[in-house]
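The next block holds one structure in the form of structure tokens; read it before the comments.
The values are calculated or read from the model by the stated rules, or taken from the named source; none is laboratory data. Note that the structure is a prediction, hence the values are computed from the model and not measured. Positions of Cβ are backbone-derived with ideal geometry, glycine not excepted, and every protein chain shown enters the neighbour counts.
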């Protein structure tokens, strides 16, 4: 029986040699190729690229052959490149899509395929449904993309210079240089190697880099720029006197930020700080977007700044659409994804790190100090996310529970029920809990936020109890 290939919030991912096999990659790329061919009669071109994972070059070569069989010219990127670089390149080169072999921040045994549309956005559900239908149609077809060997027409593309030029236009590198800021950078062996550090050095900023070589095992863990995996970055900051540490995940669409004192700034706070900074420095007040699971500190700042708030389902494609329509100055998700006005409609971890450098340089304050200033203005917010693995019985029972309309939650009267994505219960004191079931594993994500640390502890305990009671 063939594996069902489903594209989730950020493409299709699977464990290599289990579901991510040559045969399944052939099926997936074949479906994408047929979809692209159905959208354009002649002259279609698709960018093919990857992160540094095992066998990435081989998968790119396979994809190029399959596209050529469908009469589509592949634009093959030789070196690993960040996902936002591909998002920029597809628009700049007027290509018809991007096939990017990456599993982002997943552990090293995973690989995946992200497909982006000609506007640089991650493929929306209506597109991925059509691709999945084309994969299914290919499964029942007698013709295989690889049965008829043809000389593949391949063009090469180097998207790096144009993308770095664009970053230099949206980030004030001169301010960073003038402040004499010292930066430490951790690409986590990933696709951002030679990007953020090269750009900063090109204007004379002192940058120290760790994990600047290819390792398909990513140091033996997931290439995720989270607090517990950034000790080497902290060490480098201490050695060099860096005032800020910036990190990116495997495909550089997510960010991790370490403050001058070694404190990890959780993404919720980074998005809030940068929103506040962009309003101040750019005067952008056209709007702000956040996923339903992201801190309400954004809501409070939007109110203070008189900016329209957009709350979206989880998945950056929804924020990307708002960037395309120029409805927002910045949009972000608590899972460490953000982008800004006049930039790519895709998560950009490099941009996030560079903007943090600019904010520290321009304001002359650490990010922690900036967060304190914001908290003095709008109050404190304490967000948290927990993942809980469920047995089939508990999952079935909890799935039904999520359909309910509770008026009370563990002693808290519910003032608002939000169903933008999953179930979010808002309480009268401004605290809230949000539940989302994973689409790929028996896990429920519980997001909680309170206005005090003690309140958060109580609420997160209650959030867990409600799942299993």
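Restricting the search to the stretch 313-332, which residues are out of contact with any helix residue (DSSP H, G or I) (no Cβ under 6 Å at 6 or more places or on another chain) and within 25 Å of residue 438 (Cα to Cα)?
Hits for the stretch 313-332 are 313, 314, 315, 316, 317, 318, 319, 320, 321, 322.
In summary, residue 427 fulfils each of the numbered conditions (1) more than 17 Å from residue 291 (Cβ to Cβ); (2) in contact (Cβ under 8 Å) with a residue 40 or more places away in the chain; (3) surrounded by 14 or more Cβ atoms within 10 Å (Cβ to Cβ) with the single exception of condition (2). Just so you know, in the stretch 339-364 the residues that are within 13 Å of the chain's Cα centre (by Cα) and assigned to a loop (DSSP other than H, G, I, E, B) include one that is surrounded by the fewest Cβ atoms within 10 Å (Cβ to Cβ), and it is 345.
Conditions tested, residue by residue: (1) in a loop (DSSP other than H, G, I, E, B); (2) crowded, with 24+ Cβ neighbours inside 10 Å.
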site: 4; (1), (2): yes, no
site: 28; (1), (2): no, yes
site: 34; (1), (2): no, no
site: 43; (1), (2): yes, no
site: 60; (1), (2): no, no
site: 66; (1), (2): no, yes
site: 87; (1), (2): no, yes
site: 114; (1), (2): no, yes
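Without any contact (Cβ under 8 Å) to a residue 12 or more places away in the chain and farther than 30 Å from residue 199 by Cα: is that true of residue 387 in this structure? If you could, list the steps in order and put the result at the bottom.
Numbers: without any contact (Cβ under 8 Å) to a residue 12 or more places away in the chain: no; farther than 30 Å from residue 199 by Cα: yes.
So residue 387 fails the test.
Just checking, which of 253, 276 is in contact with a helix residue (DSSP H, G or I) (Cβ under 6 Å, 6 or more places away or on another chain), on the phi < 0 side of the Ramachandran plot and part of a helix (DSSP H, G or I)? When all the criteria are applied, what remains is 276. Here residue 56 passes the criteria (1) surrounded by fewer than 22 Cβ atoms within 10 Å (Cβ to Cβ); (2) at pLDDT 95 or above; (3) more than 21 Å from residue 6 (Cα to Cα) except the one numbered (3).
The residues of the stretch 230-257 that are within 23 Å of the chain's Cα centre (by Cα), buried (at least 22 other Cβ atoms within 10 Å of the Cβ) and either without any contact (Cβ under 8 Å) to a residue 24 or more places away in the chain or more than 30 Å from residue 56 (Cα to Cα) (or both) amount to a single one, 244. Count of the stretch 172-218 residues, restricted to those that are touching a strand residue (DSSP E or B) at 6+ places or on another chain (Cβ under 7 Å) and not in a loop (DSSP other than H, G, I, E, B), is 13. Counting the residues of the stretch 414-443 that are more than 23 Å from residue 319 (Cβ to Cβ), in contact with a helix residue (DSSP H, G or I) (Cβ under 6 Å, 6 or more places away or on another chain) and assigned to a strand (DSSP E or B) gives 0. Sub-9 Å Cβ pairs linking a first residue in the stretch 89-105 that is at positive phi and in contact (Cβ under 8 Å) with a residue 60 or more places away in the chain to a second residue that is part of a helix (DSSP H, G or I) and buried (at least 20 other Cβ atoms within 10 Å of the Cβ), at least 6 apart or interchain, are 97/32; 97/35; 97/36; 97/90; 104/83, ordered by first then second residue. Run residue 311 past the list (1) touching a residue at least 60 places away in the same chain (Cβ under 8 Å); (2) assigned to a helix (DSSP H, G or I); (3) over 15 Å from the mean Cα position of the chain (by Cα) and report the number of the one that doesn't hold. So the condition that residue 311 fails would be (2).
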